[in-house]
Amino acid sequence: MENSTSFYQFVGFQPPQGPDTDGIEELDIDPGEYALFSDFDGTIVDIASRPDAIKYSGEDADLFAKAMKRFGGAVAIVSGRNLEDVAHYVGVFDGVISGGHGTELRIDGEIERHELPDPDHLEHIKAAVAEFAVIDPRVILEEKTYGIVLHYRQNPEMEFKARKFAECLLEGRDDFEIQPAKMALEIKPKNISKAAAIEKIMLAPAFYGHTPIYVGDDATDESAFAYVNEHDGISIKIGDGPTIAQYRTGSPASYKKWLSRQINKRRD
């Protein structure tokens, strides 16, 4: 397998490094002034060998229930997973959830869904990818309402083959695109992004007028980092890799430790 730098260059996604990102140990905020946006996999929960093997604990639920109070309801989970899938894991969490990279949005219990550019072609893509996985089961599929993901975490040597297949599948199409992620490739509609989801959420009453914080872990989060940076917010990258985020921390555990400290800190 090629190293990560070569991979990012290969897929045409090489965010500028800019100045060194700072750690979050000394980052101190007043939650009442901010709106908190968190990715899910790799940010709130650890990435697992399979998409269905993640663990969202009772401690996680307690932390985000407290966050809802301290941030005045301005807390959102912004995920690439289907909205329904995220909602299943987080249970009673009543904050905003964005699923499918912004294709689905739950605000105040109401769900909005993006209109697909070509539903029939998406079904063709899904069928072709499913057949590819039957032929070579080293790839694990994750089907989504608005796309499909080829995971090769358990078999990293499949990276090149999976990408070439996806490129051939989308040749001549301008309505779908390949979104690189950690040890995975997602085929999704163009013109949707986590940044666009955040922009819409910021208009909701609980979020309006607050400064955004976005926390994420991979290439799918870079558009959100860019939006937050442009709006004088705080962007936090989980783990290694090139990024335009302003801050960095090592793992979901260290992020949640920082968040707990901000929530529980006494402020005069």
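Within the listed set ILE97, ILE198, ILE107, the residue fluctuating most in the Gaussian network model of the chain (springs between alpha-carbon atoms under 10 angstrom) is ILE107.
Output the relative contact order of the chain, whole-number percent, from Cα pairs under 8 angstrom with separation of 6+ residues. Rounded, it is 23 percent for the chain. In degrees from 0 to 90, rounded to the nearest 10, what is the angle of the helix 119-135 Cα long axis to the longest principal axis of the chain? Value to nearest ten degrees: 70. When the alpha-carbon atoms of the stretch 180-224 are used, the pair Rg, Dmax equals 12.6, 37 angstrom. Within the chain, antiparallel bridges make up roughly 50 percent of the DSSP beta bridges whose residues both belong there. For the stretch 137-268, evaluate the Debye formula with one uniform point scatterer on each Cα (no solvent term) and list log10 I(q)/I(0) at q = 0.10, 0.14, 0.17, 0.18 Å⁻¹, rounded to two decimals. Evaluating at q = 0.10, 0.14, 0.17, 0.18 Å⁻¹ gives log10 I(q)/I(0) of -0.43, -0.79, -1.05, -1.12. Round to a whole number: what % of the accessible area of the stretch 42-188 belongs to carbon and sulfur, probe 1.4 Å? C and S fraction of accessible area: 49 percent. Full extension of the segment from SER260 to HIS231, taken as 0.36 nm per residue of separation minus the current Cα-Cα distance, would add 8.0 nm.
Rounded to the nearest 500, the 222 nm mean residue ellipticity of the chain from helices alone is -10000 deg cm²/dmol, with -39,500 (n - 2.57) taken per DSSP H run of at least 4 residues. Measuring max minus min along each principal axis, the C-alpha atoms of the stretch 27-96 give extents of 37, 25, 21 Å (largest first). Rg/Rh for the stretch 216-268 (Cα atoms only, Rh after Kirkwood) is 1.03. Annotation: peptides 111-123, 218-230, 154-166, ranked by per-residue average of other Cβ atoms within 10 Å with the highest first, follow the order 218-230, 154-166, 111-123. The C-alpha atoms of the chain define a longest principal axis, and helix 58-70 lies at about 50 degrees to it.
Among the listed pairs LYS55/LYS182; LYS194/LYS237; LYS55/LYS237; LYS69/LYS190; LYS55/LYS257; LYS200/LYS265, give every one whose C-alpha distance is greater than 24 Å. As for pairs spanning more than 24 Å Cα to Cα, those are LYS69/LYS190; LYS200/LYS265. Given their separation in residues at 0.36 nm each and the Cα-Cα distance between them, LEU169 and LYS126 gain 14.5 nm when the chain is fully extended.
The values are calculated or read from the model by the stated rules, or taken from the named source; none is laboratory data. Keep in mind it's a predicted model, so treat the numbers as computed, not measured. All Cβ positions, glycine included, derive from the backbone under ideal geometry; neighbour counts span all protein chains shown. Remember, those area values only see protein heavy atoms, side chains included, never the ligands or the DNA or RNA. Shrake-Rupley method; radii C 1.70, N 1.55, O 1.52, S 1.80 Å.
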